[in-house]
Amino acid sequence: MSTIYHFTGAWDDKNLLGNKGANLVAMTKLRLTVPPGFAVSVETYKEYKRTGKLPEEEIKQALEALEKQTRKKLGKGLSVSVRSSAAASMPGMMDTVLDVRDREAMLSAIKKVFDSWDNPRAVEYRRLNNIPADMGTAAIIQAMVFGDLDGNSGTGVMFTRNPSTGEKVLFGEYITEAKGEDLVSGRKTPQTMDALKSQMPDMYAQLEEVASILENHFRDMQDVEFTIESGKLYILQTRSGKRGGRASVKIAVEMAKEGFISRQEALLRVSAEDVRSFLHRRIEHVEKYQAIASGLGAAPGATSGKVVFNTLDAVAAMKRNERVILVRPETSPDDILGVSAAMGVLTSRGGLTSHAAIVTRAMGKPCICGAEEMKIDLHAEKFEVNSHTVNKGDIITIDGSAGKVYLGDLPLTEAEGSPELAELLTWADSFRRLRVKANADTVETVALARKFGAEGIGLCRTERQFTGEERLSAIRAFILAETPEQRAEALVLLHKLQKKDFMAIFRELEGMPIIIRLLDLPLHEFLPSEAETTDPELKRRIRELRETNPMLGHRGVRVAVTYPEIYQMQIDAIADACAEVNCDVSIMVPQVVTSQELLWVKRMVKDRGVKFGVMMETVRACMRAGRLAQVADFFSFGTNDLTQAVYSFSREDVEKKFLSIYLDAGILQDNPFLILDVKGVGRLMETAITWARREKKELDIGVCGEHGGEPRSIMFFHTAGVDSVSCSPFRIPIAKLAAAQGAILDSQIAAARSKLRPLG
């Protein structure tokens with residue numbers, strides 16, 4: 001195989017020539033004015049890394065051919081640049097050598113470019129962008145043209161569309177009498193493309209023609225480097241242009257309308273991050289500010305407010321119409337009123353699946369968890385971090401997307417959609433098979449879910465309705481009751497409150513379907529900590545309910561077996577609410593391990609016209625899926641707890657203690673609580689789905705864990721035969737996009753397979 005490829009050749013494989021080299025060949029074929037040159041291939045780089053040697057003779061012959069083509073000798077009218085060219089774009093990460101004028105220096109320059117593949121910034125860039133370390137780079141040797149030759153010379157970079165807005169207009173910068181490095185380094189102040197249009201209208205018109213040719217060929221917005229040498233335009237490089245999320249959506253939709261790409265391709269070109277940029281407020285010009293602390297970006301969006309350290313202060317501030325950030329070591333169900341009252345939450349402990357993270361994501365409030373640098377003093381009502389002391393009442397800004405904490409009230413950009421996003425999501429609806437529902441448990445979050453286009457509520461957590469002051473008091477009265485009469489009295493109040501809540505939610509839904517999960521939390525989580533009370537009787541009861549591992553203890557359906565009246569109260573409240581408000585309700589039982597538990601609860605439901613299902617979140621439930629399918633009307637996989645069970649990981653503990661080490665060392669590829677573990681949890685789900693559908697072919701199967709809003713996980717759910725996903729309201733547009741992408745890719749794979757002919 002050849003190691004050298006001239007721009008005039010027929011071969012333009014970016015795996016051999018890198019992205020830059022392949023595009024230079026393509027532009028030469030398009031008869032654009034490209035300075036001539038050749039590529040030393042990726043295969044040559046790999047051989048160089050193995051042996052330390054370059055193909056000297058072939059490079060010499062290629063240089064001689066370049067000299068013949070330009071009619072100039074190296075060092076005598078001809079100088080060359082030596083640049084990197086990887087298959088994946090890595091702008092500015094590797095070395096470039098300019099104005100090389102002798103052969104000795106050009107061999108040296110090729111080695112320098114090849115060696116720069118392993119420089120620290122390139123290594124870190126590959127890590128951040130998931131670029132394989134063994135991909136390698138080609139080296140591009142190209143005749144130099146000079147933008148600093150005279151007054152009719154210059155250099156610039158243009159985008160064929162605005163990379164911030166997506167508007168179809170030339171966008172970029174230009175410097176007269178300058179080299180490319182003058183523009184890149186910032187040594188000279190550039191002018192806009194409008195200035196070029198007024199100074200050199202002929203050049204601008206040629207660039208418009210070049211933009212049209214390149215977009216037609218590459219079918220994408222291009223980032224183009226150009227040089228004007230004594231009034232002659234040269235195109236040095238083109239690549240698909242980096243763009244913001246809003247621009248990405250606008251460009252994809254408009255290119256589909258212009259006929260460059262299909263609607264399917266437009267959907268595939270837009271990422272979850274692109275859509276996310278429409279959904280949450282963000283800090284304006286964030287690069288201007290220095291963060292004082294960082295943690296895990298647990299719930300996206302940015303907000304600012306006065307620091308408070310407890311729920312009472314947060315609620316009091318809300319009543320005064322003050323914006324506050326609730327700062328806690330970690331949150332518990334006791335803090336729900338404070339979380340609800342605050343604009344955002346900041347904790348020094350906890351992970352991406354902690355109480356604070358899950359609750360704030362559901363509410364659409366920004367949250368940062370696990371900012372371990374912070375030393376919080378609840379008694380003094382202050383925290384210290386990196387030489388800064390922040391007191392109660394000080395204003396901070398948190399960015400829950402990036403996990404950054406800033407001092408002061410920073411300017412924020414409001415979230416807003418666009419006509420292009422609305423159109424793109426309409427296209428997504430026409431391709432996706434998966435239904436997209438929301439996790440919501442209050443009237444407010446149900447309204448938010450409807451706003452973002454949910455097709456129902458896939459998970460309504462009833463324990464969230466026990467966290468108001470009156471409700472918390474009632475559930476505590478039930479837990480602490482000493483006599484059946486006291487217990488019955490508490491249940492009457494709980495029934496009244498639950499029925500009221502369900503009726504309000506059903507009215508907001510206006511007939512849309514909802515799956516209500518019966519009580520899941522261990523009862524002790526509704527009580528204060530032992531340190532927070534002086535009541536000896538309450539201390540005794542707290543000690544009685546304390547468990548070594550509560551997440552694997554007395555919770556979910558196990559509470560229904562030991563305290564059947566609590567589940568009976570919930571089922572009666574749901575049924576009574578249904579009798580007064582038109583609704584489409586399903587009841588779901590959590591933490592099931594055997595069909596006998598399911599039958600135990602089903603007897604409480606009786607024949608009330610509601611669908612009855614299982615939250616599949618234990619390994620044994622998956623192993624007994626066929627038997628459970630005989631009893632249930634539907635399954636919904638709770639992938640958070642199922643992941644914890646499969647891995648034998650305590651979610652919050654592993655994220656605080658060792659998960660980052662596992663990820664950095666490559667022991668785990670992804671955080672399994674963020675991106676579904678297809679090889680472990682996914683295979684278990686597939687097994688359960690197969691056995692369940694053998695028993696009941698039309699069994700409806702959903703996913704209601706946090707993975708229900710994660711794009712890569714949704715791709716798997718599509719292929720695994722899941723019918724619906726449920727996620728927080730703000731993730732609904734992302735889930736719809738991912739569901740459409742999964743369906744499109746699946747159909748493309750099926751089409752490719754159908755074209756394959758069997759051997760023989």
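Derivation of every value follows stated rules applied to the coordinates shown; laboratory data play no part. Fair warning: this is a prediction, and the values are worked out from it, not measured in the lab. Here the Cβ positions follow ideal geometry from the backbone for every residue, glycine too, while neighbour counts run over all protein chains shown.
Tabulated data for the structure shown
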read-out: Sequence of 704, 583 once ranked by neighbouring C-beta atoms within 10 Å, starting from the fewest; value: 583, 704
read-out: Column: log10 I(q)/I(0), Debye, Cα scatterers of segment 41-127, q = 0.25 Å⁻¹; value: -1.30
read-out: Cα-Cα separations in segment 207-270 greater than 16 Å, expressed as whole percent; value: 49
read-out: Helix-only CD estimate at 222 nm, as mean residue ellipticity for the chain, using -39500 (n - 2.57) per DSSP H run (n ≥ 4); value: -13000 deg cm²/dmol
read-out: Packing-based exposure ordering (other Cβ within 10 Å, fewest first) of 383, 114, 716, 658; value: 658, 716, 114, 383
read-out: Total formal charge among the other residues, if their Cβ is under 14 angstrom from that of residue 538, Lys/Arg +1 and Asp/Glu -1; value: -1
read-out: Values of log10 I(q)/I(0), in the order q = 0.13, 0.19, 0.29 Å⁻¹, for segment 546-611 under a Debye, Cα-only, solvent-free model; value: -0.40, -0.76, -1.33
read-out: Largest-first ellipsoid semi-axes for segment 469-531, taking √(5λ) over the Cα gyration tensor eigenvalues, angstrom; value: 26, 15, 10
read-out: Among the listed pairs 112/404; 14/60; 250/656, those beyond 28 Å (Cα-Cα); value: 112/404; 250/656
read-out: Burial ordering of 394, 664, fewest other beta-carbon atoms within 10 Å first; value: 664, 394
read-out: Segment 282-413: C-alpha pair distances exceeding 26 Å, %; value: 9
read-out: Two-site label geometry, residue 321 and residue 697: point separation in nm, points 7 Å out along Cα→Cβ; value: 6.2
read-out: Separation between Cα centres of segment 636-680 and segment 696-721, rounded to whole Å; value: 18
read-out: Span per principal axis, largest first, for the Cα atoms of segment 696-745 (Å); value: 33, 24, 13
read-out: Helix axis angle, 56-70 relative to the chain longest principal axis, alpha carbon, degrees; value: 70
read-out: Folded to 0 to 90 degrees: helix 201-218 orientation relative to the chain principal axis, Cα; value: 60
read-out: Most to least packed among 264-274, 584-594 [average Cβ atoms within 10 Å]; value: 584-594, 264-274
read-out: Counted charge near residue 582, where neighbours are those whose Cβ lies closer than 10 Å (Asp, Glu -1; Lys, Arg +1); value: -2
read-out: For segment 147-243: Kirkwood Rh in Å [reciprocal of mean 1/r, alpha carbons]; value: 13.2
read-out: Scaled radius of gyration (Cα, divided by 2.2 N^0.38 Å) that segment 417-552 gives; value: 1.40
read-out: From the coordinates shown, mean projected area of the Cα convex hull in nm² corresponds to which of (1) 51.4; (2) 38.7; (3) 44.8; value: (2)
read-out: Length-normalised contact order for segment 147-243 - Cα pairs under 8 Å, 6+ apart - percent; value: 34
read-out: Computed over segment 404-447, Kirkwood Rh from alpha-carbon pairs, angstrom; value: 14.5
read-out: The chain: angle of helix 595-605 to the longest principal axis, Cα-based, in degrees nearest 10; value: 60
